[in-house]
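The values are calculated or read from the model by the stated rules, or taken from the named source; none is laboratory data. Treat the numbers as computed from the prediction; the structure is a model and nothing was measured. Counting neighbours? That spans all protein chains shown, and the Cβs are built from the backbone with ideal geometry, glycine included. Side chains are part of the model used for accessible areas, which takes the heavy atoms of the whole protein and leaves out ligands, DNA and RNA. Shrake-Rupley method; radii C 1.70, N 1.55, O 1.52, S 1.80 Å.
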Amino acid sequence: MIPAARPIIGDEERAAVDRVLQSGMMAQGPEVKSFEEEFAQFVGGRHCIAVNSGTSALHLGFIAAGLQPGDEVIVPSFSFAATANAVVLAGGVPVFGDIDPKTFNLDPKHAESLITSRTRGIMPVHLYGHIADMDLFETLGKKHGITIYEDAAQAHLASLNGRMAGEWGKVASFSFYPTKNMTSGEGGMIVTNDDEVERQSRMLRNQGGVIRYQNEIVGFNNRMTDIHAAIGRVQVTKVKAWTDQRRKNAAYLDAHLKGVTVPYVRPGSEHSYHQYTIRLPGVTSQERDQAITDIKAGGVGCDVYYPTPIHRLPSFKLSLDLPVTEEIVKEVISIPVHPSLTQAELEQVVSVVNDVASRI
Ligand SMILES: *Cc1c(COP(=O)(O)O)cnc(C)c1O
C-alpha cells in the first residue's frame with residue numbers, strides 16, 4: 001500500500017538526536033534557540049518561539065495577543081479540532097464560519113457577516129497548504145479593529161503574491177507533527193512581528209518567566225526539548241526541496257487525473273500541498289466512502305480530512321447552517337502527494353483514482 005503520508009527521517013536526524021543525548025542536556029536550550037533562528041527564514045524574519053505542539057502555539061498565541069475570556073474568534077468549521085479547541089482553551093468563544101468551495105478556506109464574506117461587538121479575532125486556516133484570502137482578511141481586520149491570526153499548521157512555505165504563510169497575522173502558528181511537511185517529532189512555532197506578543201509567548205511557555213525564579217505571570221510548561229529542536233533543525237534544511245517535490249507531484253496529478261475536481265490554486269498563490277485533496281462532485285458521503293474503500297483496494301492510501309465539521313463534533317455539538325462546509329465534507333478525498341513518491345507510485349495513484357472515478 002502506498003501510504004497517505006510518509007515522514008522522512010534519515011541518518012542526519014538520528015545523528016542530531018544523538019548529539020543532544022550525548023551532551024546530557026535535553027530540555028529547552030541552544031538547539032531550540034537555533035531552531036527558532038533558522039525557521040525565521042520562512043516567515044520573513046519574524047520572531048519565532050518554539051513550543052511543544054502546534055496546538056500549544058495556537059493556545060499561547062491567543063493568550064499572548066491579549067484574548068480575554070468571552071472574546072469571540074471567527075474560525076472555519078472545516079478544519080482540525082485544534083483550531084477551535086485552542087480558542088476555548090484560551091478562554092475565548094469560537095464562532096464557526098463557512099468556507100469557499102473552491103479553496104476550502106474560510107469565506108471572508110461569511111466571516112464578516114458573523115462579526116459582533118464581542119468579536120476580537122478572525123483566524124483563517126491555510127487548509128491543506130493553500131493560503132486563505134489574506135488580503136481580504138487583512139482589510140476586514142483593519143475595517144473592524146479585529147486581530148487577524150493564522151492557523152498555518154499545514155502551510156510551511158506556502159505563499160500568496162510572494163508573502164509567506166506566517167507573514168500576515170499578528171500571530172501565526174505552525175505545527176511540526178510527524179505528518180506535517182516538516183517535523184520535529186512533535187512541536188510547534190509561534191510566529192509574530194509584535195515584540196510584546198513575543199515576550200509574552202516566551203514567558204507563557206516557561207511557567208510565566210524568562211529568568212529562572214523570576215516568574216512575572218502565571219504560565220505553562222509548553223517548552224520544546226532540545227531533542228525535538230535538533231530534529232527540526234535538520235528538517236529546516238530539507239523542507240524547501242521537499243516542497244518543490246510536492247509541487248511537482250501535484251502538477252503530475254493535476255495533468256493526469258480525470259473525472260475528479262483537482263485542487264484549485266488562486267493566481268499568485270504557491271500551494272505547499274500538505275494534502276492533495278480532490279472532490280467527487282455531487283456524491284453522497286456513502287459513495288465517497290465506497291470510493292475510499294476502492295482506492296485503498298487498489299493499493300493507494302487515502303483519507304478524509306475532515307469527515308465531521310468541528311461544530312458538529314461531540315465536543316461542540318452546535319447546530320449551524322454552513323451549507324458549503326456540509327457539501328464539501330461529503331465529497332473530499334486526500335490522496336498521496338508526499339515527496340518520497342516514486343514515478344511508478346504516482347502512475348499507480350493516477351490509474352487507481354481514475355478507474356474508481358470512472359465508475360461513479
Ligand atoms: C496539525 C494541526 C494543528 C495542531 O498541531 P499539533 O502539532 O498536532 O498540535 C492545528 N491546526 C491544524 C489545521 C492542523 O492541521
Exercise for review: Write out, first by first residue and then by second, each pair whose Cβ atoms fall under 6 Å of each other, whose residues are 6+ apart or on separate chains, and whose first residue, in the stretch 169-186, is within 20 Å of ARG247 (Cα to Cα) while the second is more than 7 Å from the ligand (Cβ to nearest atom) and open to solvent by 30 Å² or more (accessible area, probe 1.4 Å).
Suggested key: PRO178/PRO7; THR179/ALA5; THR183/PRO7
Review point. Quick check: anything in the stretch 189-209 touching a strand residue (DSSP E or B) at 6+ places or on another chain (Cβ under 9 Å), crowded, with 20+ Cβ neighbours inside 10 Å and hydroxyl-bearing (Ser, Thr, Tyr)?
Key: yes
**Study point:** Among (1) under 22 Å from THR179 (Cα atoms); (2) in a loop (DSSP other than H, G, I, E, B); (3) of a type outside the set (Lys, Arg), the one test that SER319 misses
**Key:** (1)
Check your understanding: Just one of the numbered conditions (1) away from the ligand (no atom under 16 Å from the Cβ); (2) more than 20 Å from ALA82 (Cβ to Cβ); (3) open to solvent by 10 Å² or more (accessible area, probe 1.4 Å) is not true of LEU157; which one?
Key -> (1)
Practice item. Could you please let me know if SER117 is of a type in the set (Gly, Ala, Ser), modelled with pLDDT of 95 or more and open to solvent by less than 10 Å² (accessible area, probe 1.4 Å)? Key: no
Check your understanding: Restricting the search to the stretch 285-315, which residues are open to solvent by 10 Å² or more (accessible area, probe 1.4 Å) and either modelled with pLDDT under 95 or under 22 Å from HIS130 (Cα atoms) (or both)?
Key -> SER285, ASP303, VAL304, TYR305, TYR306, PRO307, THR308
Exercise for review: Being of a type in the set (S, T, N, Q), within 15 Å of the ligand (Cβ to nearest atom) and either without any contact (Cβ under 8 Å) to a residue 40 or more places away in the chain or open to solvent by 10 Å² or more (accessible area, probe 1.4 Å) (or both) is the filter here, so list the residues in the stretch 36-87 that pass it.
Suggested key: ASN52, SER53, THR55, SER56, ASN85
Practice item. Only residues in the stretch 18-32 that are outside any helix (DSSP H, G or I) count as the first member; pair them with residues that are open to solvent by less than 90 Å² (accessible area, probe 1.4 Å) and of a type in the set (Lys, Arg), Cβ under 6 angstrom, at least 6 apart or cross-chain, and list the lot. Key: GLN28/ARG223
Exercise for review: Please determine, by comparing only the residues of the stretch 268-284 that are small (Gly, Ala, Ser) and either modelled with pLDDT under 95 or outside any loop (DSSP other than H, G, I, E, B) (or both), which one is most open to solvent (accessible area, probe 1.4 Å).
Suggested key: GLY282
